[in-house]
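Visitor: First, the structure itself, so that you have it in front of you.
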Amino acid sequence: MADEPVFLITGASSGIGAETARQAAAAGYRVVLAARSGDALAELARELGGDRHALAVTCDVTEFEQQVAMTRAALDAFGRIDVVFANAGFGATRGFLEESPEHWRSMILTNVLGVALTVRATLPHLLERGTGHYVLTSSVAGRRSLPGSVYSATKWAVTGLGQSLRGELRQMRQNTAIRVTLIEPGGVETPFFDTPGSGRLEAADIARTVLFAVSQPAHVDVAELLVLPSAQP
């Protein structure tokens, strides 16, 4: 059991995070499930095998102390972290006259600061081990600016964070073993959208992409994966 790798996921209670947890568990990982929705996490942890295989940790990623506690709980339970999937985030209606400033503030703190704090809370352990893998959820909106989209700006920031993290590891830490992958989905049928749509990807499609990246040989660093529905230009 102690030799089974550990996959930590923020935003794990639904959508891409939950489906990635299912696929990671099926691939032999123990999983650490973090989100603000404690009841949904507990149900998912039971589905994935209970305490020996899955740990549910209630965590607001915008609070550094909670991220430190999440990391400590993962290490206390499983003794190691191999993959860190910084996936927590949410969106906003396009238009600079839409949404409230408070919604923007919460989104920016979650989508940008939350990712940076996940890295900060877990990086000491990965550096101590000398190996590991970061996966950050950006978006096609982090490569193509969307009109009137503050959300798009947050995903550009995530793309920059991933590139900056890789640069620090390679140039400042002289570490070539900790890998960094940016996942950049197009439209995905998840709770991100208020209404069902057609022609979108499924959460399972993105989860397979994540598992593809982390399953590569140690000398392969899949830096970016842009994944679009076939109907999306």
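Visitor: Could you tell me how far the Cα centroid of the range 1-50 sits from the Cα centroid of the range 78-97, in Å?
Guide: 15 Å
Visitor: May I ask for the distance between the Cα centers of the range 200-218 and the range 115-130, given as a whole number of Å?
Guide: 22 Å
Visitor: Can you match Rg and Dmax of the Cα atoms in Å to one of these, [x] 18.1, 64; [y] 16.7, 53; [z] 17.8, 53, based on a calculation from the structure here?
Guide: [y]
Visitor: Here's something else I'd like to know. For the range 6-227, build the charge dipole from Cβ charges (+1 Lys, Arg; -1 Asp, Glu) around the Cα centre, then report which of 122, 97, 9 sits farthest towards its positive end.
Guide: Positive-end residue among those listed: 122.
Visitor: Moving on to the next point. All other residues with a Cβ under 14 Å from the Cβ of residue 231 taken together, and with Lys, Arg as +1 and Asp, Glu as -1, what is their net charge? Intermediate results must be reported in sequence, preceding the final value.
Guide: Numbers: positive: 200; negative: 189, 202, 205.
Summing Lys/Arg as +1 and Asp/Glu as -1 gives -2.
Visitor: Quick one: putting +1 on the C-beta of Lys and Arg, -1 on the C-beta of Asp and Glu, what dipole do you get for the range 117-233 around its Cα centre, in Debye to the nearest 20?
Guide: Once rounded to the nearest 20, the dipole reads 340 debye.
Visitor: I would also like to ask the following. According to a simple spin-label model (label point 7 Å from Cα along Cα-to-Cβ), what is the distance in nm between residue 216 and residue 173?
Guide: If labels sit at residue 173 and residue 216, their model points lie 1.8 nm apart.
Visitor: May I pose another question? Can you compute the label reach from residue 94? Point 7 Å from Cα along the Cβ direction, backbone N cut-off under 18 Å, restricted to the range 136-158.
Guide: 139-157
Visitor: Moving on to the next point. Between residue 127 and residue 3, what length comes free when the chain is fully extended (0.36 nm per residue of separation minus the Cα-Cα distance, one decimal in nm)? Walk me through the numbers on the way to the answer.
Guide: Numbers: separation 124, 0.36 × 124 = 44.64 nm, distance 1.86 nm.
Length difference between fully extended and current span is 42.8 nm.
Throughout, read-outs are computed from the coordinates displayed, never taken from laboratory work. Being a predicted model, the structure only gives us computed values, none of them experimental. So basically every Cβ, Gly included, is an ideal-geometry build from the backbone, and we count neighbours across all protein chains shown.
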